[in-house]
Amino acid sequence: MASPSHSLSLHDSQTRQKRVFTPIDPENVRVYYCGPTVYDAVHIGNLRAMLSADILVRLLRCLYPHVTFVRNITDVDDKITARARENGETIGALTARTTEIFHEDVAELNILPPDVEPRATHHIDDMLAMIDQLVASDHAYVAEGHVLFAVDRCASYGALSGRSPEDLLAGARVEVAPYKRHPGDFVLWKPSSADQPGWDSPYGRGRPGWHIECSAMSRRYLGESFDIHGGGDDLMFPHHENERAQSLCCAPASGFAHTWLHNAMLLSNGEKMSKSLGNFYTIRQVLTRAPAEALRLLMLGTHYRSVLDFTWEKLEEAKRTLDRFYRALERTPPLAEVEPASSLCAPFMNALCDDMNTPLALSCLHPLADAALQGDQAASDALSACGRLIGILTRSPDLWFRSGADDTAIEALIAQRAEAKKARDFTTADDIRARLSEQGILLEDTASGTSWRRA
RNA sequence: GGUCCGGUGGCAGAAUGGUGAUGCAGCGGACUGCAAAUCCGCGUACGUGGGUUCGAUUCCCGCCCGGACCUCCA
């Protein structure tokens with residue numbers, strides 16, 4: 001663990017203030033993030049929330065002895081039902097397949113798995129128990145086979161997203177169903193037809209509404225109150241607002257999530273990256289242009305609460321930055337088992353502890369790389385430790401610079417070129433270098449000989 | 001229409017009521033057969049109009065511009 005002198009501040013979306021983070025139970029910090037709905041591969045915009053959570057959890061693990069991180073999988077949803085029908089596959093096959101792709105994608109970005117990854121379909125009983133409770137306490141009502149949450153029975157409804165139930169009518173995009181008492185009321189349980197997934201319940205065969213799953217699963221694994229709940233900005237309303245209302249009405253004194261974290265959106269050409277606009281990239285598309293580690297660094301180069309406009313230029317720049325960092329680590333290899341407690345890491349840690357200011361933290365890495373390039377062992381150790389803390393610089397420089405190339409053939413050409421150089425036949429030498437360059441192999445002559453790397 | 005966030009050098013991107021980080025790109029130099037890498041040095045910015053203040057990029061108000069949300073969303 002890092003020195004206890006680092007105190008973590010986080011910006012809480014509900015109070016819109018940066019506050020010193022104080023865990024409910026310092027022995028077990030509890031975090032919940034909303035995970036994906038598994039009907040399709042995620043795009044790199046979706047991964048931003050996963051990465052924000054990853055940085056948060058990695059940091060918390062430095063500061064506290066134990067962290068429980070829960071991130072759900074939504075595997076029941078009308079989009080899933082529709083997609084499975086389009087694809088001519090079963091819902092189970094679709095959700096299993098896309099969950100696997102999701103796991104591969106987050107692993108590519110070096111996003112660590114959560115401690116618990118509950119699936120909605122495994123917690124229908126928990127959801128129904130909560131729905132029963134809400135109906136019994138008159139926070140919800142049954143109408144035409146639906147169970148609806150009554151927003152006007154929750155005094156603080158709207159407190160998270162900063163809107164009143166009346167405000168919500170202004171947008172006029174609410175579904176005004178005749179069975180709703182208030183247009184803002186939302187579904188906890190809805191009836192399923194024979195060709196829709198459904199579970200038996202006191203309200204008939206049906207399926208859960210979107211929001212209840214997170215209330216049920218966070219309660220199951222983290223309790224009625226926990227430390228941090230996070231997700232993308234676009235989840236703040238309605239998803240988190242509704243989740244909060246459900247949970248608080250079940251446990252009014254709990255406070256539910258003490259801190260809410262919302263990351264801003266990833267843009268593409270100045271607009272939110274989204275499936276519907278078609279302006280998205282998957283991680284596989286990125287991998288054709290740069291290692292996933294470059295994408296990770298790119299994303300960390302903007303604060304999580306600021307919008308980030310994705311461009312290929314930024315990806316290239318991130319890759320070059322990693323080239324330099326890895327070169328520093330190659331020049332002065334870090335000693336094993338270094339801890340981020342070194343005083344050299346203090347500016348970096350302070351930046352991270354200030355509401356996860358990753359851009360500022362990254363700027364602290366450059367002087368370390370400069371020093372490591374000059375042979376400074378402590379700087380190299382610190383660079384490696386800081387990098388690992390945020391999930392970069394985890395591989396060997398050799399792997400970074402030279403993986404996937406045919407080193408035998410390259411070494412042979414380098415030997416040929418060395419002969420040519422010895423004979424001062426620079427035309428041949430330059431020709432060999434040019435040929436390798438076309439294959440993306442870059443030669444570097446040094447006093448001790450020629451080394452190569454992938455460009 | 002409602003709610004909220006933002007506008008910083010060529011680009012990206014932080015901090016800050018008082019000499020404005022960092023990176024990339026650019027320019028000059030060292031090194032090199034030439035490169036690459038590395039090293040040294042240099043330049044350029046607070047959307048706009050007011051206000052508060054000894055002093056504003058920072059705080060407040062108006063305006064302009066951009067983005068997000070307003071029951072699909074990371």
Those helices of chain A passing the 20 Å axial Cα length cut-off and the mean Kyte-Doolittle cut-off of -1.0 (DSSP H runs only) are A:46-63, A:91-108, A:407-422
With 29 Å as the limit, write out which pairs from A:Lys272/A:Lys319; A:Lys79/A:Lys272; A:Lys314/A:Lys421; A:Lys79/A:Lys180 have Cα-Cα distances beyond it, or answer none. A:Lys314/A:Lys421
Show the residues, 5+ positions off or on another chain, whose built amide H is closer than 5 Å to the amide H of A:Ser274. A:Asn279, A:Phe280
Going from the fewest other Cβ atoms within 10 Å to the most, one would list A:Met356, A:Met273 as A:Met273, A:Met356
Qualifying trypsin sites (Lys or Arg not before Pro) for region A:76-183 [loop in DSSP, other Cβ within 10 Å: at most 14]: A:Arg173, A:Arg181
So what is the 222 nm mean residue ellipticity for chain A from helices alone, if each DSSP H run of at least 4 adds -39500 (n - 2.57) and you divide by all residues, rounding to the nearest 500 deg cm²/dmol? -13000 deg cm²/dmol
How large is Rg/Rh for chain A, to two decimals, with Cα atoms and a Kirkwood Rh? 1.06
Qualifying trypsin sites (Lys or Arg not before Pro) for region A:1-52 [loop in DSSP, other Cβ within 10 Å: at most 16]: A:Arg16
Test of understanding: ordering A:Leu267, A:Leu383 by Cβ neighbours within 10 Å, fewest first, what list do you get? A:Leu267, A:Leu383
Counting other Cβ atoms within 10 Å, which GluC sites (Glu not before Pro) in region A:1-106 have at most 15 and lie in a DSSP loop? A:Glu27, A:Glu89
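Throughout, read-outs are computed from the coordinates displayed, never taken from laboratory work. In this text, all values refer to a predicted model and were calculated from it rather than measured experimentally. In this analysis, Cβ positions are derived from the backbone assuming ideal geometry, glycine residues included, and neighbour counts consider all displayed protein chains.
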